[in-house]
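What follows is a short report on a single structure.
The values are calculated or read from the model by the stated rules, or taken from the named source; none is laboratory data. The shown structure was predicted, so the numbers you read here are calculated from the model rather than taken from an experiment. As a convention, Cβ positions derive from the backbone with ideal geometry for all residues, glycine included, and neighbour counts pool all protein chains shown.
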Amino acid sequence: MSQLQQAMAALIGVFHKYAGEDQLLNKAELKGLLEKEFGDVLGNAKDKNVVDEIFKGLDMDGSGSVDFTEFVTMVAALAAATNELLCKK
């Protein structure tokens, strides 16, 4: 398996680790994911207002939950921002 395939499998695995049986992330599940998987990147993920704002931004269809496509959008944005920071050094 290539590195990219491994990364995709890991991304899918992380989503399903936190998603409920409905295969969606509610706000509490997203908060757990942010705290455990992005804690050092989003140091203030424990702040309810921060989680609320992230959730609101991710729930693009207004369904009250975050699906896999919406989750991947967040990860892609974080990857792009991280790349920008690393390229500036």
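Couple of notes before you dig in:
- Scanning segment 50-69 for residues that are among the aliphatic types (A, V, I, L, M) and closer than 16 Å to Gly20 by Cα yields a count of 1.
- Among residues of segment 49-72, those that are touching a residue at least 24 places away in the same chain (Cβ under 8 Å), assigned to a helix (DSSP H, G or I) and either in contact with a strand residue (DSSP E or B) (Cβ under 9 Å, 6 or more places away or on another chain) or closer than 22 Å to Ile12 by Cβ (or both), counted: 6
- The C-beta contact set for segment 16-39 (first residue part of a helix (DSSP H, G or I) and modelled with pLDDT of 95 or more, second residue surrounded by fewer than 17 Cβ atoms within 10 Å (Cβ to Cβ) and of a type in the set (S, T, N, Q), distance under 8 angstrom, 6+ apart or interchain) comprises His16/Gln23.
- Selection from segment 48-69 of residues that are under 10 Å from Leu30 (Cβ atoms), of a type outside the set (Phe, Trp, Tyr) and under 12 Å from the mean Cα position of the chain (by Cα): Val51, Ile54, Leu58, Asp59, Val66
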